[in-house]
Amino acid sequence: MAYDDENVFARILRGEIPAEKVYEDEHVLAFNDIAHLAPVHVLVIPKGQYVSCDDFTANASDAEMAALMRAVGKVARDLGVVDSGYRMVSNTGPDAGQEVPHFHIHIFGGRRLGGLRRQAGGGE
């Protein structure tokens, strides 16, 4: 799938759509999700044009990959969800429910999130 530079995250990165930023560096932007599903619901996105996790891991530089993971950890620490726990979710492709064709990681926290294994059809 080709990158669509009119997707909502690309428009946020260009400043065309406002976002409540919680972290930003050279490679990464993190902002609060406007349709939050938990008290803490932040999206962490690379600034590069990557459609999915597969695209990102195949084509991003080592610096971009390291920056993304460091940003996830920093955001979780800054928002105070490390001790109680948080969930990272990234959907890749239509079967997984990816809605925006720009790689992103959701950080959920701030309450008990419940089990995901049964929802995903997996076992223990």
*Take segment 1-22 and flag every residue that is surrounded by 13 or more Cβ atoms within 10 Å (Cβ to Cβ), more than 15 Å from GLU99 (Cα to Cα) and of a type in the set (Val, Ile, Thr).*
ILE12, VAL22
_Top-ranked residue in segment 55-64 [being loosely packed, with under 13 Cβ neighbours inside 10 Å and small (Gly, Ala, Ser); ranked as nearest to GLU24 (Cα to Cα)]_ = ALA63
*Within the set of pairs 6 or more residues apart or between chains, which connect a residue that is in a strand (DSSP E or B) inside segment 86-109 to a residue that is charged (D, E, K, R) and modelled with pLDDT of 90 or more with Cβ atoms less than 6 Å apart?*
PHE108/ARG87
*Which of the residues belonging to segment 65-74 are in contact with a helix residue (DSSP H, G or I) (Cβ under 9 Å, 6 or more places away or on another chain) and surrounded by fewer than 18 Cβ atoms within 10 Å (Cβ to Cβ)?*
MET65
*For LYS74, work out the one condition from (1) in contact (Cβ under 8 Å) with a residue 40 or more places away in the chain; (2) not in a helix (DSSP H, G or I) it doesn't fulfil.*
(2)
*Search segment 23-54 for residues being farther than 16 Å from GLY109 by Cα and aromatic (Phe, Trp, Tyr), and hand back the single one that is surrounded by the most Cβ atoms within 10 Å (Cβ to Cβ).*
TYR50
_Subset of segment 31-44 [free of Cβ contacts under 8 Å to residues at least 60 places away in the same chain and part of a strand (DSSP E or B)]_ = PHE31, ASN32
*Quick check: is even one residue across segment 22-29 over 19 Å from ALA71 (Cα atoms) and not in a loop (DSSP other than H, G, I, E, B)?*
no
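The values are calculated or read from the model by the stated rules, or taken from the named source; none is laboratory data. Remember, predicted model here, so these are calculated numbers, not experimental data. So basically every Cβ, Gly included, is an ideal-geometry build from the backbone, and we count neighbours across all protein chains shown.
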